[in-house]
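Here the structure comes first, spelled out in structure tokens, and everything after it is commentary.
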Amino acid sequence: MISNKESVTQLLKTARGQIDGIMKMIEDGRYCLDVSSQLLATSAILKSANMKVIEGHMSTCVKQAFESGNMDEKIHEIMVLIGKMSK
């Protein structure tokens, strides 16, 4: 469960609005670098939302696993996620 659901949801709504705007920019034939700038801004918002999700996971699920002595699985999950993020 995402502990900071409201802030993640707001970031995703913002990203969705930006994507809609980018699609309109493409339909309107806007300048390529303007489109690219908006894509980068949207990507940054999605990264921020992802970091909030990960932060919530670390402060709840991972913390509970460490407190109960079941940390190996959570460490493995985090390592897999870091691998995906570094690609």
Output for the range 10-33, where each listed residue is over 21 Å from residue 85 (Cα atoms) and in contact (Cβ under 8 Å) with a residue 24 or more places away in the chain: 14, 18
Options 7, 36, 3; residue that is in a helix (DSSP H, G or I), over 9 Å from the mean Cα position of the chain (by Cα) and touching a residue at least 40 places away in the same chain (Cβ under 8 Å): 7
Residues of the range 42-70 satisfying the condition of being surrounded by 15 or more Cβ atoms within 10 Å (Cβ to Cβ) and more than 19 Å from residue 6 (Cα to Cα): 62, 65
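Can you name the residue in the range 11-29 that is in a helix (DSSP H, G or I) and of a type in the set (D, E, K, R) and is also surrounded by the fewest Cβ atoms within 10 Å (Cβ to Cβ) among such residues?
Start the filter on the range 11-29 by keeping residues that are in a helix (DSSP H, G or I), which leaves 11-27.
When the remaining residues are screened for being of a type in the set (D, E, K, R), the result is 13, 16, 20, 24, 27.
Numbers: 13: 11, 16: 12, 20: 10, 24: 10, 27: 8.
Ranking the qualifying residues of the range 11-29, first place goes to 27.
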So residue 87, is it under 19 Å from the mean Cα position of the chain (by Cα), part of a loop (DSSP other than H, G, I, E, B), loosely packed, with under 14 Cβ neighbours inside 10 Å and without any contact (Cβ under 8 Å) to a residue 24 or more places away in the chain: yes
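Values in this text are rule-based calculations from the coordinates and carry no lab data. What you see is a predicted model, and the numbers here were worked out from it, not measured in a lab. When we count neighbours, we look across all protein chains shown, and the Cβ atoms used for this are built from the backbone with ideal geometry, even at glycine.
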